[in-house]
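The values are calculated or read from the model by the stated rules, or taken from the named source; none is laboratory data. Values in this document were obtained by computation on a predicted structure and should not be read as measured data. Every residue, glycine as well, gets a Cβ built from its backbone with ideal geometry; the counts of neighbours run over all protein chains shown. The protein model used for the area step is the full one, side chains on, heavy atoms only, and it has no ligands, DNA or RNA in it. Shrake-Rupley method; radii C 1.70, N 1.55, O 1.52, S 1.80 Å.
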Amino acid sequence: MRKTFLVFGSPKIEEDEIQEVVACLRSGWISTGPRVGTFQEMFRNYIGTRHALAVHSCTAGLHLAMLAAGMGPGDDVITTPLTFAATANAIVHTGARPVFVDIELPSMNIDPGAIEEKITPRTKAIIPVHLYGRPCNMDRILDIAHRYNLIVIEDAAHAIEAVYHGKKIGAIGDMGVFSFYVTKNLVTGEGGMITTNNDAYAEKIEIYGLHGMSRGAWKRYSDEGFKHYQIVFPGFKYNMMDLQAALGIHQLKRIETYLQRREEIWNRYDAAFRGLPVIVPAPPEPDTRHARHLYAPLLRLEELRVDRDTVQQELHRMNIGTGIHFISLHLHPYYRNTYGYKPDDFPNARYVSERTLSLPLSAKLSDDDVEDVITAFTSVLEHFSK
Ligand SMILES: *Cc1c(COP(=O)(O)O)cnc(C)c1O
């Protein structure tokens, strides 16, 4: 058995980041300053949009994106229930109502064929989530959005490197929102980015994200001379710090190398788990690039004597940390009680909720770590097989 606990989603931080954070501290610009500017510029170039606006988190970014697009009380926003709570919570924060549409299998992304029946005159937007890094069917989602005049905000928290039909994820909808939380493909501790080609949205996001001030604080105190700010909206405090951007600048330079490493691990897992009572992730759809954020096979419960949670606990006992992404939001008390959802309302999302188990997948993993995961997972599943 493995001697030390393998932490799930542990980030790879290298010497460049450490030196940059030290330089940032010495510079005195620790909140929003030149490093945020550099990081935004690099990210804009990587995604290929006119704007990339750094924020404190993807949650903050989703909230701002919706506010910039005018979402509020009386509006409906369509999204998937199989996502992190932040996607739907941010909808609630604007005053709008989240309307869930079941996922399709095996992609586990929102089912485009089930969206139209949920559209009403209240519907203002669709938030597709590129789950685990797999691009949603954006052709069909954009087609629906155009026909019903809906805004599309991509939740790209898992999908920085993803590509769909030659276009980068985050550059396809009206806006894209990324996460740099500590377990994500690029980490700044906490952090997020909003991408868009729309100048009006970008301007609103900048203003709403910093108190509703008409000019950025760091510009006010720079050597261009003092300028009075004007409050034009009761905005939020969502700005990214230079301390965060110091990490992001170097993480972004290595994003493709890290993806390659995760792809290697992914393929090793796929090969090792053939013959086990699991459904391994489907291969990427044609003409797409999967960002390989989470490797989450589904357990074939029909062939096991125990439930998923027992398998997870046994893996933890064997020093392998894992995650669950996700328990469908319609099964959580707030969403169940507020909107009256029943467990069977989204059968595919429920099916995945009960079976999904995310195994460690980080560029930080050594070959030995990967073999430890394979050994433990194989022995646990063989032990619990019927
Ligand atoms: C992590 C995550 C978020 C929220 O990201 P934060 O940066 O932690 O706010 C939103 N959506 C999805 C799908 C996520 O996995």
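Considering only VAL373, GLN313, PRO284, the residue lying farthest towards the positive end of the dipole of the stretch 255-384 is GLN313, judged by Cα position with unit charges set on Cβ. Residues in the stretch 192-205 carry Karplus couplings, in order, of x, 8, 10, 10, 6, 9, 9, 5, 5, 4, 4, 5, 5, 4 Hz; the curve used is 6.51 cos²θ - 1.76 cosθ + 1.60 with θ = phi - 60°, and Gly or Pro positions show x.
Placing dummy labels 7 Å off each Cα toward the beta-carbon, the span from ALA200 to LYS167 is 1.9 nm. Relative to the longest principal axis of the Cα atoms of the chain, helix 367-384 runs at roughly 50 degrees.
Taking the protein heavy atoms of the chain in the context of the full set of protein chains, the accessible area attributed to carbon and sulfur is 52 percent at 1.4 Å. The share of Cα pairs per 10 Å bin across the stretch 255-384, counted from zero up to the longest distance, runs 12, 39, 32, 16, 2 percent.
Between GLU371 and HIS316, the simple spin-label model (points 7 angstrom out along Cα→Cβ) gives 2.8 nm.
Sorted from longest to shortest, the spans of the Cα atoms of the chain along the three principal axes equal 72, 53, 38 Å. Only Cα pairs under 8 Å and 6+ residues apart enter the sum, and on that basis the relative contact order of the stretch 269-386 stands at 36 percent. A probe of 1.4 angstrom, applied to the heavy atoms of all protein chains, finds GLU264 with accessible area near 110 square angstrom.
For the stretch 34-171, with equal point scatterers placed on the C-alpha atoms only and solvent neglected, what are the log10 I(q)/I(0) values from the Debye formula at q = 0.09, 0.10 1/Å, to two decimals? Taken in order of the listed q values, log10 I(q)/I(0) reads -0.25, -0.31. Amide H contacts under 5 Å for SER358: GLY323, ILE324, HIS325, restricted to partners 5 or more places along the chain or on a different chain, H placed in the peptide plane at 1.01 Å from N.
Protein heavy-atom accessible surface, 1.4 Å probe, per residue over the chain: 42 Å². Distances between placed amide hydrogens fall under 5 Å for LEU6 paired with ILE320, GLY321, all partners being 5 or more residues away or on another chain. When the Karplus curve 6.51 cos²θ - 1.76 cosθ + 1.60 is applied with θ = phi - 60°, which whole-Hz ³J(HN,Hα) does each residue of the stretch 98-108 get, with x for Gly and Pro? Working through the residues one at a time gives x, 10, 8, 10, 4, 7, 10, 10, x, 5, 6 Hz.
Coupling constants for the stretch 58-74 follow from the phi torsions by the Karplus curve (6.51 cos²θ - 1.76 cosθ + 1.60, θ = phi - 60°), and in residue order they are 5, 4, 4, x, 5, 4, 5, 4, 5, 5, 4, 8, x, 6, x, x, x Hz; glycine and proline get x. Along its three principal directions, the equivalent ellipsoid of the stretch 154-194 from the Cα gyration tensor extends over semi-axes of 19, 11, 6 Å, largest first.
Comparing THR183, THR80, THR338 in a Gaussian network model of the chain where C-alpha atoms under 10 Å apart are linked, the largest mean-square fluctuation is found at THR338.
Using 0.36 nm per residue and subtracting the Cα-Cα separation, the extra length available between PHE5 and ARG122 on full extension is 37.2 nm. All distinct Cα pairs of the stretch 1-81 go into the 1/r average, and the inverse of that average, the Kirkwood radius, is 16.7 Å. Considering only VAL370, VAL306, VAL21, the mean-square fluctuation computed in a Gaussian network model of the chain, springs between alpha carbons under 10 angstrom, is largest for VAL306.
Between ALA271 and ARG147, the distance separating the two model label sites (each 7 Å from Cα on the Cα→Cβ line) works out to 4.4 nm.
If you run the Gaussian network model on the chain, springs between alpha carbon atoms under 10 Å, then out of HIS63, HIS325, HIS158 the most flexible one is HIS325.
Between the Cα long axis of helix 242-253 and the first principal axis of the chain there is an angle of about 60°, rounded to the nearest 10.
When only C-alpha pairs under 8 Å and at least 6 residues apart count, what is the relative contact order of the chain, in percent? 23 percent.
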